[in-house]
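What follows is a set of notes on a single structure, which appears directly below.
Rule-based calculations on the coordinates, nothing more; no lab input. All of these numbers come straight from a predicted model, not from anything done at the bench. Don't worry about glycine lacking a Cβ; one is built from the backbone with ideal geometry, like all the others, and counts go over all protein chains shown.
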Amino acid sequence: IGAAWDVLGGGRWKLSGSFGYFYDVMKYELARGSFGGDVWFTHIYELNNPAVFTLSRSNPGALGREIVSFNNRTIPINAQGELEGIDPGIKPYQSREFSVNLDRQITSRLVATVRYTRKDLLAAVEDIGVLDAEENEVYLIGNPGKGQTRDTKSVYGQKTPNGQEFLVPEAVRQYDAVEFRLQGQMGRFYFIPSYTWSRLYGNYSGLANSDESGRSDPGVSRAYDLPYYYFDASGSQKNVFGRLGTDRPHTFKLFGYYDLKTKAGSTYIGLNQLAFSGAPDTTTVIYLSAPTTPFGRGDLGRLPVYSQTDLQIAHTVNIREGKQLKFEFNVRNLFNQNTVISRTTQLNRNGAITIDPAQFFKGYNPYDYVKVGTGSIRYNPIYNLPGASYRAGGGPGTTVSSAFSATLPNFGAYQDFRVIRLGLRFLF
């Protein structure tokens, strides 16, 4: 719902606002993998022949006869005839948004706006994993922090040893922002500058997981595969919350263009300028198979300030009535800036800390287990250095030049380089 009010009745002050609940459907990635869409057969063979190089995909029985084969696409059904592993009280993905705007028309060609926005995640849908009494991983599709994850009689409703926190925390993502914006025109020059202060806080980044280099596997990322993700090494036994991986408190944007008309045609000159706070980085260390945050969120500080300038020039010539030629010159990253946009944040290069859960929750020092050298859990030599591997904690977006950038050793660790594009269009 939304409403607007002409505050003084003169059309120069406008107060408006909106409020809404938003629901989303289950994404295909979760439905395909959990309800039989993936083709997955397992074949087990005897190993009776040492000639291992004769083994191939086309000749899988080269080393011995097949013992058993089974289809993993079977969907488990419980005693009540229901799909196994789905919380009966599951709710759809839900969020809430509230905004208030104050607009002031300063002149006939200049408008100032102040806007406050609040967004809250109310329910996420994830595959939720815990360890049962035999230390087997068992999974539930449901809403983290709701349903069976709050039933202490369920394996998914387990608590920390001190009994103060549930192992599976509620999915929290809160966004607050205040934006100041001008929109105006001076002759043939049009401009929209804006500044936004914001905070993105919680423990769950959303359908694309910024804790995993922006992994886009909605509903089935590592977010809730094991409960240890959400506890640090301090021994507090409290769920870890903090600034999320795409939190940028200060954002400045300037969009402007000049429209020049002469006898030689029409020339459009546009400039986009962006400047953002650096995103926060968080140390991770593998415990069992879970990337945990031993020192809390944001312990590595922030990446450098990100800024970029883009230029667009277009000239249109009238050939005859209804026919035009348009010449285009576009430059992305005009000044060829190379800011670091991603760092490697995993402390251990290989292996995993395997202390028992009681010791994990009691507290531990990761450096007692992660060692420099050739041990079973080795220190990562590129920890906290520019890098964009799967463990980097904030990988690159796909850009025009990324096809070439992807061939570079540190693809995604730095801002993509300058790209110039020339274009010619015939309009009719």
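How do Tyr228, Tyr156 line up, fewest other C-beta atoms within 10 Å first?
Tyr228, Tyr156
Show me, for the stretch 291-303, the HN-Hα J-couplings you get by feeding each phi into the Karplus relation (A = 6.51, B = -1.76, C = 1.60, θ = phi - 60°), rounded to Hz, glycine and proline as x.
x, 9, 10, x, 10, x, 7, x, 5, 8, x, 10, 5
Please report the orientation-averaged projected area of the stretch 166-222, defined via the convex hull of its C-alpha atoms, in nm².
6.2
Percent antiparallel among DSSP beta bridges with both residues in the stretch 62-116, to the nearest 5?
For the stretch 62-116, the DSSP antiparallel bridge percentage is about 100.
Run the numbers on the stretch 63-195 and let me know its relative contact order in percent, using alpha-carbon pairs under 8 Å that are six or more apart.
Values: 231 pairs, mean separation 29.9, N = 133.
For the stretch 63-195, the relative contact order is 23 percent.
Grab the Cα-Cα distance for Ala79 and Phe426, subtract it from 0.36 nm times how many residues apart they are, and report the gain in nm with one decimal.
Fully extending the segment from Ala79 to Phe426 adds 118.2 nm.
log₁₀ I(q)/I(0) of the stretch 1-73 at q = 0.17, 0.22, 0.23 Å⁻¹, via Debye over equal Cα point scatterers, no solvent, to two decimals?
With no solvent term, the Cα-only Debye profile gives -0.82, -0.98, -1.01.
So what is Rg over Rh here for the stretch 120-213, counting just Cα atoms and using Kirkwood for Rh?
Rg/Rh: 1.27.
For a footprinting-style exposure proxy, rank Lys14, Lys263 by other Cβ within 10 Å, fewest first.
Lys263, Lys14
Which cross-chain or sequence-distant (5 or more) residues have an amide H under 5 Å from the amide H of Asp225, H modelled 1.01 Å from N in plane?
Gly129
Can you order the peptides 341-347, 80-86, 90-96 by their average number of other Cβ atoms within 10 Å per residue, highest first?
341-347, 90-96, 80-86
Can you work out ³J(HN,Hα) from phi for every residue in the stretch 239-255, in order, using Karplus 6.51 cos²θ - 1.76 cosθ + 1.60 and θ = phi - 60°, giving whole Hz and x for Gly and Pro?
4, 8, 10, x, 5, 7, x, 10, 6, 9, x, 10, 9, 10, 9, 9, 10
Once all Cα-Cα distances of the stretch 98-150 are split into 10 Å bins that start at 0, what whole-number percent is in each one?
Pairs per bin, as whole percents: 18, 25, 16, 13, 13, 10, 4, 0.
Need one number for the chain: average projected area of the convex hull over its C-alpha atoms, nm².
31.2
Within the P(r) computed for the stretch 283-329, what percentage of the Cα pairs occupies the region above 11 Å?
Tail fraction, whole percent: 79.
Starting at the first residue of the stretch 344-358, write each ³J(HN,Hα) from the Karplus equation 6.51 cos²θ - 1.76 cosθ + 1.60 with θ = phi - 60°, in whole Hz, x for Gly and Pro.
So the J values, rounded to whole Hz, are 6, 10, 7, 6, 9, 6, 8, x, 7, 5, 10, 5, 6, x, 4.
Mind checking which lysines have their Cα closer than 25 Å to the Cα of Lys253? Skip sequence neighbours fewer than 8 apart in that chain.
Cα-Cα hits under 25 Å: Lys14, Lys119.
Sorted by average packing, counted as other Cβ atoms within 10 angstrom per residue and highest first, what order do 281-290, 186-195 take?
Working: 281-290: 20.8, 186-195: 13.6.
Top to bottom by mean Cβ count within 10 Å: 281-290, 186-195.
Given N residues in the stretch 289-364, what is Rg(Cα) / (2.2 N^0.38 Å)?
Here the answer is 2.28, to two decimals.
What distance in nm lies between label points placed 7 Å from Cα along the C-beta direction at Ile90 and Ala358?
Reported label-point gap for Ile90 and Ala358 is 3.6 nm.
Have a look at the stretch 48-130 and give its Rg and Dmax from the Cα atoms, expressed in angstrom.
Using the Cα atoms of the stretch 48-130, the pair Rg, Dmax is 29.7, 87 Å.
How are the Cα pair distances of the stretch 205-295 distributed, in percent, across 5 Å bins from 0?
Per 5 Å bin, starting at 0, the Cα pair percentages come out as 3, 11, 15, 16, 13, 9, 6, 6, 5, 5, 4, 3, 2, 1, 0.
What whole-number value in cubic angstrom gives the convex hull volume per residue for the C-alpha atoms of the stretch 144-282? List each step's numbers first, then the result.
Working: hull volume 20.4 nm³, N = 139.
About 147 Å³ per residue, rounded to a whole number.
Relative contact order of the chain, please, whole-number percent, based on alpha carbon pairs below 8 angstrom and at least 6 residues apart.
Value for the chain: 11 percent.
What number, in percent, do you get for the relative contact order of the stretch 223-367 if the mean sequence gap of Cα pairs under 8 Å and at least 6 apart is divided by its residue count?
Rounded, it is 27 percent for the stretch 223-367.
Could you list Leu47, Leu63 in order of exposure, starting from the residue whose Cβ has the fewest other Cβ atoms within 10 Å?
Fewest to most other Cβ atoms nearby, the residues stand as Leu47, Leu63.
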